[in-house]
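Each reported figure results from applying straightforward, stated rules to the coordinates on display, with no laboratory input. Everything quoted here is computed from the prediction, not taken from an experiment. Positions of Cβ are generated from backbone atoms using ideal geometry, with glycine treated the same way; all protein chains shown enter the neighbour counts.
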Amino acid sequence: CPAPSELRTANGTRICAQLYTNDSPYYDQCCGGSVLVVEPNADVPYMPHGWAGRASSLVVGTRCELTVWSRAGKKGKKKTFGA
């Protein structure tokens, strides 16, 4: 997985979080599969098509927080992740 401070696009723009579809009990095999990029200040009440229940690994960038809810539309239980 990339280090939180390394989350950047190809042109150097900062990324707040990356979610991945593949996970593993072995750290070096985590953060694989499809990638969902979360831009700074993004407010997304619904997961993009095909992503609901698929995120298995995530990395949150430095100076960012990622808050997720158990139900669509920012409903249900919530959890916040940081670097």
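Things to note:
- Extension gain for Asn11-Lys74 works out to 19.5 nm (0.36 nm per residue, less the C-alpha to C-alpha distance).
- Rounded to the nearest angstrom and listed largest first, the equivalent-ellipsoid semi-axes of the chain from its Cα gyration tensor are 20, 16, 12.
- Taking label positions 7 Å along the Cα-Cβ direction at both Ala83 and Val37, the computed distance is 1.9 nm, reported to one decimal.
- Within the range 6-36, chymotrypsin sites (Phe, Trp or Tyr not before Pro) in DSSP loop having at most 13 other beta-carbon neighbours inside 10 Å: Tyr26
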